[in-house]
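See structure below.
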Amino acid sequence: MDVKVLVAAHKNYAMPKDSLYLPVFVGKEIHPDVNHTFQGDNTGDNISVKNPTYNELTAIYWGWKNLDLDAMGLVHYRRYLSLNHRKSLDDVLSKKQAEALLADHDIILPPKRRYYIESNESHYLHAHHHEPFEVMRQVIREQYPEYLPSFEKVVKRTWAHMFNMFVMKKQPLNEYCTWMFAVLAEVEKRTDISNYSAYEKRVYGFLSELLLDTWLDKNTQYSTVEVKYVFMEHTNWFKKGGKFILRKITGHA
């Protein structure tokens with residue numbers, strides 16, 4: 001199979017040597033001089049200038065529109081899919097492993113991220129502005145009503161496939177990207193984020209994380225498999241837990 005996993009990066013960083021991976025510098029149109037090694041997300045049909053609001057989705061869009069592959073995926077420069085969970089670029093998912101998984105499945109996903117004590121909706125609304133979330137719900141209700149039951153089901157769950165990480169065969173990738181980018185484009189038309197902080201302006205990337213599971217719940221004809229993921233750097237769980245509790249109490253990070 002002709003498979004590529006894009007590695008979204010916004011700075012110079014060590015990359016896997018396996019031929020499966022294609023490092024993509026996101027927001028290249030905005031920062032043309034930062035990196036001259038990675039593929040930019042600003043060639044061909046692209047939305048590179050939207051990186052501050054769409055996050056890693058600009059890499060997904062670029063790959064979807066410009067690469068002719070049997071399957072394509074996305075990971076992050078610090079987060080990778082892995083079968084063994086070792087923090088080594090030599091042990092991340094390989095091309096051979098990806099091909100073996102795709103021989104029996106249409107989509108490879110990271111493990112579910114479990115929140116246990118709160119729903120996806122509650123988690124989102126405690127961390128971000130409410131309006132874009134409600135606008136997205138309204139867009140789905142008006143323009144994609146067949147997806148509304150799945151959306152409502154997903155936002156009430158206490159788990160989700162996060163980080164926009166996946167590997168998809170060509171057909172589901174095309175169907176998912178067509179739908180997801182259309183939903184976000186309409187949400188973007190209806191929301192004013194001019195007064196948001198730089199972090200909160202990443203809103204369309206945040207919202208998209210809930211769209212993946214919504215699309216998967218609706219399109220059950222595609223088989224999925226979960227594999228482990230590894231975060232290459234140290235995680236300060238005390239600090240992370242403190243931010244989580246602060247959001248629950250105050251509604252702010």
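The values are calculated or read from the model by the stated rules, or taken from the named source; none is laboratory data. On a predicted model such as this, the values are computed, not experimentally measured, just so you know. No Cβ is skipped: glycine too gets one built from the backbone with ideal geometry, and neighbour counts run over all protein chains shown. Keep in mind that these areas ignore ligands, DNA and RNA; they rest on the heavy atoms of the full protein, side chains included. Shrake-Rupley method; radii C 1.70, N 1.55, O 1.52, S 1.80 Å.
Considering only the Cα atoms of region 149-222, their convex hull presents on average a projected area of 5.7 nm².
Qualifying chymotrypsin sites (Phe, Trp or Tyr not before Pro) in region 16-78, where qualification requires a DSSP coil assignment and no more than 13 other C-beta atoms within 10 Å, are lacking entirely. Sorted from longest to shortest, the spans of the Cα atoms of the chain along the three principal axes equal 43, 39, 37 Å. Per residue, the chain exposes an accessible area of 47 Å² to a 1.4 Å probe, with every protein chain left in place.
Helical content alone sets the calculated 222 nm signal of the chain at -13000 deg cm²/dmol, taking -39,500 (n - 2.57) per DSSP H segment of four or more residues and averaging over every residue.
Counting Lys +1, Arg +1, Asp -1, Glu -1, what net charge surrounds W159 among other residues with beta carbon under 10 Å of its beta carbon?
Net charge around W159: +3.
Distances between every pair of Cα atoms in region 67-141, grouped in 10 Å steps from 0 to the bin holding the largest one, split as 14, 31, 28, 25, 2 percent. Per the Debye formula on identical point scatterers at the alpha carbon atoms of region 132-186, with no solvent, log10 I(q)/I(0) at q = 0.14, 0.26 Å⁻¹ is -0.43, -1.25. Pairs over the 28 Å Cα-Cα cut-off, from the set K87/K201; K153/K228; K50/K169; K28/K169; K28/K156; K17/K169: K87/K201; K28/K156. Within the shell defined by Cβ-Cβ distances under 14 Å, the residues around N174 carry a net charge of -2, with Lys and Arg each +1 and Asp and Glu each -1. Values of log10 I(q)/I(0) for region 90-192 across q = 0.10 Å⁻¹ run -0.37, by the Debye formula with one identical scatterer at each alpha carbon and no solvent. Partners of K11 within straight-line reach, counting aspartates and glutamates whose Cα lies under 12 Å from its Cα and excluding those fewer than 8 residues away in the same chain: D33.
When only alpha carbons of region 24-81 are considered, Rg and Dmax amount to 11.0, 32 Å.
Over region 1-44, the hull volume per residue, using the convex hull of the C-alpha atoms, is 69 Å³.
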